[in-house]
Every structure is written in structure tokens, then in C-alpha cells.
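Asks: Sharing a structure below in C-alpha cells format, with a few things to ask.
The values are calculated or read from the model by the stated rules, or taken from the named source; none is laboratory data. What you see is a predicted model; the values in this text were computed from it and never measured. Glycine also receives a Cβ, built like all others from the backbone with ideal geometry; neighbour counts cover every protein chain displayed.
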């Protein structure tokens, strides 16, 4: 029989908490936050469960009024990340609307419409599908890689390809890849 004994592990706390977070940030979270202020793409490769999602969300404090694209690797993680993002936005009273976007949800928006057209209208004005809300907020759109791939490589219907490519690339959300 082989026995493996792991030593305890702890992440270092950041020396400061400039955003006045409820939980004091970890060093890697603040390093990610600072790096995102200066670079468009940042990789945080810390271990699972060490707060990488929170590290990427800290940048939301600087993106007031801008849309955000958050790419989750699977639909299961998409749901988890969307819930974490909604909690973070609510906890810190950030002015964003979190949109969970999967192929099934796009088809449910308006069954009479092409999925690409429905997605384009959701990005332009999500209030079209939420008549009780009266004020449009910047969006944090949480998608899986398939949705992003289809938009980026013009794989939606020919009448939607240009609109979606522009939504995602030119006029669209500031990106926070995860």
C-alpha cells in the first residue's frame, strides 16, 4: 500500500485591501487585478479553489458602464460562474446585469426567431426579453466556448454573422476570459 501525506497549504494574503472587500484579498487576486489594469489578457494559473474567479471579478470595479464577456469552459461551470458573478455584483452593488447564455436559452428567448438573431437582440437590448425591467444596465454575458466560437467564426445564420461578429469583436463587451 502506498500512502501519500500532503502538507497543509495556504495562499498569501495581499498586504492591502484597497477595494474594501468583505474578505481580505489574496496576493494572487490583487496581482491579477493590477495586471488587468495594464494588460488586455492576463493568465492566473493558481490552483483550483484558490479564488481565480474572484480575482477576475475585481476588475469589474474599474469597468463601470462597460459590457463584459465571461467565457466559462462548460455549461455546468457557466451556471456556477454566473451565480458567483451575480452574488459578487449584488454584494458590491455594481451596476451590471448578468446574462447566462447557452444555446438552449437562446432558443427559448423567441422560438420564432433565428438563434443568432435572438442572441444579437439580447446583446443589443436584453430588456426586450424582460419587460418588467425599465433601465438597461451594462451586461456581463456569461457564455460557453461554443457560443463565442460561433460568433467569432461566423457560424450563425448568414443574416446574423456580421451582427454577432461585431457584437463580440468591434462594438461588443470588454472581455474577461476565464
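Asks: Is it true that residue 28 is surrounded by 10 or more Cβ atoms within 10 Å (Cβ to Cβ), touching a helix residue (DSSP H, G or I) at 6+ places or on another chain (Cβ under 9 Å) and within 15 Å of residue 141 (Cβ to Cβ)?
Replies: no
Asks: Still on this structure, I have one more. Going residue by residue through the stretch 76-84, is there one that turns out to be assigned to a loop (DSSP other than H, G, I, E, B), under 17 Å from residue 100 (Cα atoms) and modelled with pLDDT under 95?
Replies: The first filter runs over the stretch 76-84 and keeps only residues assigned to a loop (DSSP other than H, G, I, E, B), leaving none.
The answer is no; no qualifying residue exists.
Asks: In the stretch 9-19, which residues are modelled with pLDDT under 95 and farther than 16 Å from residue 44 by Cβ?
Replies: Answer for the stretch 9-19, where residues must be modelled with pLDDT under 95 and farther than 16 Å from residue 44 by Cβ: 9, 10.
Asks: Mind listing just one residue for me: the one in the stretch 151-172 that is outside any helix (DSSP H, G or I) and over 15 Å from residue 121 (Cβ atoms) and, of those, modelled with the highest pLDDT? Let's see the steps before the verdict.
Replies: Residues of the stretch 151-172 outside any helix (DSSP H, G or I): 153-160, 171-172.
Next, only the ones that are over 15 Å from residue 121 (Cβ atoms) stay: 153-155, 158.
On the way: 153: 85, 154: 85, 155: 85, 158: 91.
Out of the qualifying residues, it is 158.
Asks: So how many residues does the stretch 110-139 have that are at pLDDT below 90 and buried (at least 17 other Cβ atoms within 10 Å of the Cβ)?
Replies: Summing the residues that are at pLDDT below 90 and buried (at least 17 other Cβ atoms within 10 Å of the Cβ) in the stretch 110-139 gives 0.
Asks: Any chance you could count how many residues in the stretch 1-40 are part of a loop (DSSP other than H, G, I, E, B) and touching a strand residue (DSSP E or B) at 6+ places or on another chain (Cβ under 7 Å)? Before the answer, list the steps.
Replies: Of the stretch 1-40, the ones part of a loop (DSSP other than H, G, I, E, B) are 1-12, 14-25, 39-40.
Imposing the further condition that a residue be touching a strand residue (DSSP E or B) at 6+ places or on another chain (Cβ under 7 Å) reduces the set to 11-12, 14, 24.
Selection size over the stretch 1-40: 4.
Asks: Go through the residues of the stretch 45-63 one by one and say whether even a single one is touching a strand residue (DSSP E or B) at 6+ places or on another chain (Cβ under 6 Å), surrounded by 13 or more Cβ atoms within 10 Å (Cβ to Cβ) and on the phi > 0 side of the Ramachandran plot.
Replies: Taking every residue of the stretch 45-63 in turn, at least one turns out to be touching a strand residue (DSSP E or B) at 6+ places or on another chain (Cβ under 6 Å), surrounded by 13 or more Cβ atoms within 10 Å (Cβ to Cβ) and on the phi > 0 side of the Ramachandran plot.
Asks: Right, another one. Quick one: count up the residues across the stretch 140-153 that are without any contact (Cβ under 8 Å) to a residue 40 or more places away in the chain and surrounded by 14 or more Cβ atoms within 10 Å (Cβ to Cβ). Give the derivation first.
Replies: Going residue by residue through the stretch 140-153, those that are without any contact (Cβ under 8 Å) to a residue 40 or more places away in the chain are 149-153.
With surrounded by 14 or more Cβ atoms within 10 Å (Cβ to Cβ) added as a condition, the list becomes 150-151.
Adding up the residues that qualify gives 2.
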